[in-house]
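Have a look at the structure below, then the notes.
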Amino acid sequence: MAENTLTQDKFIDHHLQNLTFGQCSDGKWRFADKHVNIGKDHSAHEVQKDYTCNPKDMGFNAIHVDTMAMSLLLGTLFCFFFWRVAKNASTDKPSKVQNAVEYLFDFVKGVVNDNFQDKNNKLVGPLSLTIVCWVFLMNLMDLLPVDLVPWIANGFQSSVVYGPVHYFKVLPIADVNAPMGMALGIVVLIHYYSIKKKGLGGFLGELTLQPLGKWAMPFNMLIEIPGFYAKQIALGLRLYGNLFAGEMIFILIALFYGAFFDSLYGAVLGVFGVLLHLAWAIFHVLIIALQAYVFMILTVVFLNQAHETH
């Protein structure tokens with residue numbers, strides 16, 4: 001145990017940093033280092049680690065490995081799980097898991113049928129099911145303790161001072177790159193279907209000739225173009241903002257645990273932190289499910305608007 005613990009600011013900064021791989025200031029590609037200065041350890045030696053590769057110096061080419069790894073892992077688990085259920089599906093004696101998957105399938109199908117007019121489109125249904133399941137699984141990672149994965153990866157040692165995996169954000173959605181990347185994919189589909197259904201002239205006409213006609217084209221563009229793209233940007237930012245705020249609250253609650261063994265007062269704070277963590281986790285389950293649903297239904301609505309013609 002270190003005699004001096006991390007300050008609250010350093011604790012928060014540490015847990016908001018992604019495991020980053022990129023080109024360092026010396027021109028070499030490697031993982032970013034940690035910077036720790038928390039006083040003395042159990043051997044009375046100064047515990048201090050200086051940057052040799054600061055993630056802030058990597059620029060645009062930096063790769064958030066934890067975000068990529070968790071996103072791909074959860075997406076793979078989702079696909080494998082649904083494949084297993086489909087492979088073992090039975091019409092005579094369906095299992096409880098099969099019933100649950102069929103209920104989810106019917107729920108998403110109902111949402112798409114109610115909000116999407118083009119019944120010949122074969123993409124929106126599977127896309128909506130993928131979104132709601134994938135986003136829900138990524139959101140669900142917010143319920144894991146903030147230090148659990150780094151602690152395991154470092155051989156059950158503190159990720160702040162010891163071990164090679166000193167940064168690891170288990171919640172992909174708390175990294176703005178993940179939700180904005182998904183939103184970018186929806187933006188591409190919106191433009192594709194808008195041009196396919198209306199033609200390039202019809203799509204541009206909606207952005208330039210509405211609502212006051214060709215004589216007010218500059219004014220129309222000032223209204224329509226920012227509004228058109230603001231909705232698509234907000235699709236990713238809404239998801240990121242809600243889950244980032246939830247992660248921040250979990251990190252702040254975790255600060256209560258730091259003083260658990262220091263004194264009786266610290267023990268009381270630690271117990272209060274456990275109860276507060278449990279209460280927020282129960283409430284946060286609703287946010288996790290709701291944000292997955294909101295992202296899915298807004299995707300359906302935006303794609304339906306891309307199919308509508310005036």
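Structural remarks
- Karplus (6.51, -1.76, 1.60) ³J(HN,Hα), θ = phi - 60°, over the stretch 281-297, in Hz, Gly and Pro reported as x: 5, 4, 5, 5, 4, 5, 5, 4, 5, 5, 5, 5, 5, 5, 4, 5, 6
- Take the Cα of Asp106, step 7 Å toward its Cβ, do the same at Leu16, and the gap between the two points is 4.5 nm.
- Full-stretch length increase - Ile63, Val188 - with 0.36 nm per residue and alpha-carbon distance subtracted: 42.8 nm
- Remark: Thr130, Thr67, Thr20 ranked as Thr130, Thr20, Thr67, counting other beta-carbon atoms within 10 Å and listing the fewest first.
- Between the beta carbons of Glu224 and Asn115, assuming R0 = 30 Å, the FRET efficiency works out to 0.85 to the nearest 0.05.
- Convex hull volume per residue, computed on the Cα atoms of the stretch 165-264, equals 135 Å³.
- Per-residue Cβ neighbour rank within 10 angstrom, fewest leading, Ile173, Ile249: Ile249, Ile173
- Label-to-label distance for Lys96 and Met217 is 6.4 nm, based on points extended 7 Å past Cα in the beta-carbon direction.
- Anisotropy class of the stretch 8-307 from Cα gyration tensor, a/c 1.5 cut: prolate
- Ordered by the count of other Cβ atoms within 10 Å of each Cβ, fewest first, His307, His166 give His307, His166.
- Inter-label distance, Asp9 to Gln23: 3.2 nm, where each label sits 7 Å from its Cα along the C-beta direction.
Read-outs throughout are calculated quantities, based only on the coordinates presented, and are distinct from any laboratory measurement. This structure is a prediction, so every number in the text was calculated from the model and none was measured. A quick note on method: Cβ atoms are made from the backbone with ideal geometry, for glycine too, and the neighbour counts reach across all protein chains shown.
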